[in-house]
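A.B. asks: The structure is given below, and queries will be raised subsequently.
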Amino acid sequence: MLEPVRKSFVTDTPLKWTRVNQTPDFVFFDHSVHVNHGIGCVTCHGELDQMPLTWKSHTLYMRWCLNCHRAPEKYIRPREEVFSFDWKATNQMALGRKLVAEYDVHTEQLTDCSMCHR
C-alpha cells in the first residue's frame, strides 16, 4: 500500500491522487472555516484512522451539509479535538451550545445560500 509513496519519494515525482470527495464548481468549501469553528475531520470524512484506503464516508450532498448548518451544536467540538478520531463529548448538546457561542458561530447565516454557493 505504501509502495506508491516510496516510489514518489525515490523518483522525486508527485503522487497521483484519486480524489475521494469532489464538490461541483459552484460550491465553495473552505476547510479552515470548519476547522477553526470546531468541526472535526471525522464529522465529514468518517473514521479515517480505521480505513486502510480512504473511501467516501458521507454523500456531502447539500441536504447532508444542511443538517450540520441548521444545528451545529450537535457536531461542534473543542478546537483542540478537531483532529482527534476518538474524542466523544459527555454532553454534546450542552457543550455544543457553549462552543457555538464561544466560537461566534453565526447560526442565522449558515443556511444563507451565498455561504456555500458562489
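A.B. asks: Answer yes or no: is there a residue in segment 79-93 that is β-branched (Val, Ile, Thr), closer than 22 Å to residue 36 by Cβ and either in a helix (DSSP H, G or I) or within 13 Å of the chain's Cα centre (by Cα) (or both). It would help to see each step written out before you state the result.
C.D. replies: Our first condition is that a residue be β-branched (Val, Ile, Thr); within segment 79-93, this holds for 82, 90.
Remaining after also requiring closer than 22 Å to residue 36 by Cβ: 82.
Those still in the list that are either in a helix (DSSP H, G or I) or within 13 Å of the chain's Cα centre (by Cα) (or both) too: 82.
Taking every residue of segment 79-93 in turn, at least one turns out to be β-branched (Val, Ile, Thr), closer than 22 Å to residue 36 by Cβ and either in a helix (DSSP H, G or I) or within 13 Å of the chain's Cα centre (by Cα) (or both).
A.B. asks: Filter segment 30-77 for residues that are of a type in the set (S, T, N, Q) and outside any loop (DSSP other than H, G, I, E, B); which is surrounded by the most Cβ atoms within 10 Å (Cβ to Cβ)?
C.D. replies: Just the residues of segment 30-77 that are of a type in the set (S, T, N, Q), to begin with: 32, 36, 43, 50, 54, 57, 59, 67.
From what's left, outside any loop (DSSP other than H, G, I, E, B): 32, 36, 43, 50, 67.
On the way: 32: 7, 36: 12, 43: 17, 50: 8, 67: 12.
Ranking the qualifying residues of segment 30-77, first place goes to 43.
A.B. asks: Mind checking whether some residue in segment 85-101 is surrounded by fewer than 13 Cβ atoms within 10 Å (Cβ to Cβ), of a type outside the set (Ser, Thr, Tyr) and in contact (Cβ under 8 Å) with a residue 40 or more places away in the chain?
C.D. replies: So far as segment 85-101 goes, no, none of its residues is surrounded by fewer than 13 Cβ atoms within 10 Å (Cβ to Cβ), of a type outside the set (Ser, Thr, Tyr) and in contact (Cβ under 8 Å) with a residue 40 or more places away in the chain.
A.B. asks: Hey, among 60, 99, which residue is among the aliphatic types (A, V, I, L, M) and modelled with pLDDT under 95? Lay out the reasoning, then the answer.
C.D. replies: Numbers: 99 fails: modelled with pLDDT under 95.
Exactly one of 60, 99 is among the aliphatic types (A, V, I, L, M) and modelled with pLDDT under 95, namely 60.
A.B. asks: Moving on to the next point. Taking residue 38, is it at positive phi, within 18 Å of the chain's Cα centre (by Cα) and touching a residue at least 60 places away in the same chain (Cβ under 8 Å)?
C.D. replies: On the way: at positive phi: yes; within 18 Å of the chain's Cα centre (by Cα): yes; touching a residue at least 60 places away in the same chain (Cβ under 8 Å): yes.
Yes.
A.B. asks: Can you go through 43, 54, 11 and tell me which one is of a type in the set (S, T, N, Q), out of contact with any helix residue (DSSP H, G or I) (no Cβ under 8 Å at 6 or more places or on another chain) and without any contact (Cβ under 8 Å) to a residue 40 or more places away in the chain? Show your work before the answer.
C.D. replies: Details: 43 fails: out of contact with any helix residue (DSSP H, G or I) (no Cβ under 8 Å at 6 or more places or on another chain); 54 fails: out of contact with any helix residue (DSSP H, G or I) (no Cβ under 8 Å at 6 or more places or on another chain).
Exactly one residue qualifies, and that residue is 11.
The values are calculated or read from the model by the stated rules, or taken from the named source; none is laboratory data. For clarity, every value in this text was computed on a predicted model and none was experimentally measured. Virtual Cβ from ideal backbone geometry, glycine too; neighbours counted across all protein chains shown.
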